Amino acid sequence: MAQQWQALADTVDSELAKACARHLEPYLRHANSLLGFRNFQMGLLNGEHVVPLESVDLVGPTANLRSALDEMARCNELSSRSVRVYSIYAGTLGVLTDAPLWQRYLAAGPQAAAGHPLWQTWAQRRADALHRTDDMSQWLRSVAAYDLATVDAFTVARSFPENSPSFRAWIRAAEKFAVLAKEEAHAASQFETIMSSAVTMQFAVGGFMLMH
């Protein structure tokens, strides 16, 4: 039995480490770089500078943001999976000697354990983590939406003769969306630190519960 518990504990440690890792940070850093350069190009075009239209990257930022959204979904799954594994581990060991907290939770739901201070602390941290990950997903979807709007406006602009009134109007729209995409990406990068901290804290409290 001791070996089984140790194996389960190792699994929990592995899952928590995966869930707490900052998986999104490289994607967001790359997205900021790509979107920043596209924003620069749109600004030049709107200022009537000569910029080869074919040099504008219509694929890179979109592909990067799609990968970021996929990674966000994977992070959410890792977090949920680690909570499930943690629940099994805590329920097996029993975090309370008189009435295992997680056994009560698994048997009758949160209300069965809601009165215990350790549960209350963990439940709040868990709620914070869920809210932060949901907010992060919304940030990414917002960046992706502005990115696609930039691509669409630029594509329409290219359907008109260069420097025609319609071309210039759509380039102005493309620059506007490019600026918004860059601003949202920057905000998402800053928020990623907050989200990662929230995810880490829920398991820090959970680890304390396992040891006390």
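The values are calculated or read from the model by the stated rules, or taken from the named source; none is laboratory data. The structure displayed is predicted, hence computed values, not measured ones. Positions of Cβ are generated from backbone atoms using ideal geometry, with glycine treated the same way; all protein chains shown enter the neighbour counts. For accessibility, only protein heavy atoms count, side chains too; no ligands or nucleic acids. Shrake-Rupley method; radii C 1.70, N 1.55, O 1.52, S 1.80 Å.
Assorted remarks:
- Any hit, region 23-31, residues being assigned to a helix (DSSP H, G or I), over 20 Å from residue 179 (Cα atoms) and either modelled with pLDDT of 70 or more or not hydroxyl-bearing (Ser, Thr, Tyr) (or both): yes
- Listed by first and then second residue, the pairs with beta-carbon distance under 8 Å, at least 6 apart or on different chains, first residue in region 55-83 and aliphatic (A, V, I, L, M), second at pLDDT below 80, are 68/24; 72/24; 78/15; 78/18; 78/19; 83/126.
- Candidates 178, 174, 187, 198, filtered to the one that is more than 24 Å from residue 47 (Cα to Cα), surrounded by 19 or more Cβ atoms within 10 Å (Cβ to Cβ) and not basic (Lys, Arg): 198
- For region 32-50, the set of residues classified as open to solvent by less than 20 Å² (accessible area, probe 1.4 Å) and hydrophobic (A, V, I, L, M, F, W, C) consists of 35, 42, 45, listed by residue number.
- Count of region 154-171 residues which are open to solvent by 30 Å² or more (accessible area, probe 1.4 Å), hydroxyl-bearing (Ser, Thr, Tyr) and not in a helix (DSSP H, G or I): 1
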